[in-house]
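First up is the structure itself, then whatever we jot down about it.
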Amino acid sequence: AFDQLSEDMEAHPSLDILGPVYMEIGHKLDRNMGGEFFTPHALCRLMARMGMQDMTFQPGVIPTANEPASGTGAIVLAWAEEMASRGINPLCVRWTLQDISATSCYGAYLNTTLWGIPATVVCGDTLRMTQRWAWPNIHWFDAYPYIPTAEDYVREQQQKRQIDAMRQFISNLPSFFRGSEEAI
């Protein structure tokens, strides 16, 4: 089974294969009572893209992120995929994934470990702030600070120029409107 999982994961990078399996195997009544619902990959990817718009990485710092209702880790996998697509190594963020379901936590631990995402998986109730166990995976200790590349510098300079151009445009608006009133 583990060999099949490895093959499926290689065929579908950054896709949570364990989550849908867990949802199919589990009893529907148990899932509904526990409020367990699988988040599709497309929605996870959209949330990661939207979240990455506002995220900045400070050189020399290892940021931490928390997923308080992680399930098997689909959203974290999507974040890692989005980071990689932007040229940022997923080893530059340490994650804490928490879920009340031990089975989901086992899946999250497998997903983050097999995909190389530094994470501590906490089995416990986020709302009651209780914890049964917490396991850091082997990549937790491999995390390293973000080091910007030359491309990051160029992108940052382009963003600064765009912001400066927008500020210049906005500051010229009053005189533009005054000029248009005189033309009337």
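The values are calculated or read from the model by the stated rules, or taken from the named source; none is laboratory data. This structure is a prediction, so every number in the text was calculated from the model and none was measured. Here Cβ is always computed from backbone atoms with ideal geometry, including for glycine, and neighbour counts include all displayed protein chains.
Every residue, every condition in (1) part of a strand (DSSP E or B); (2) surrounded by 18 or more Cβ atoms within 10 Å (Cβ to Cβ), yes or no:
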{"site": "Arg49", "(1), (2)": "no, no"}
{"site": "Thr56", "(1), (2)": "no, no"}
{"site": "Gly60", "(1), (2)": "no, no"}
{"site": "Asn66", "(1), (2)": "yes, no"}
{"site": "Ala69", "(1), (2)": "no, no"}
{"site": "Ile75", "(1), (2)": "no, yes"}
{"site": "Ala80", "(1), (2)": "no, yes"}
{"site": "Ala84", "(1), (2)": "no, no"}
{"site": "Trp95", "(1), (2)": "yes, yes"}
Exercise for the section: For the range 145-165, state whether one or more residues are touching a strand residue (DSSP E or B) at 6+ places or on another chain (Cβ under 7 Å) and buried (at least 16 other Cβ atoms within 10 Å of the Cβ). Expected result: no
Exercise for the section: Name every residue in the range 102-118 that is assigned to a loop (DSSP other than H, G, I, E, B), of a type outside the set (A, V, I, L, M, F, W, C) and either crowded, with 24+ Cβ neighbours inside 10 Å or in contact with a strand residue (DSSP E or B) (Cβ under 8 Å, 6 or more places away or on another chain) (or both), in order of residue number. Expected result: Pro118
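Look through the range 10-64, keep the residues that are hydroxyl-bearing (Ser, Thr, Tyr) and at pLDDT 65 or above, and return whichever of them is farthest from Asp125 (Cα to Cα).
Per the stated criteria, the residue is Thr56.
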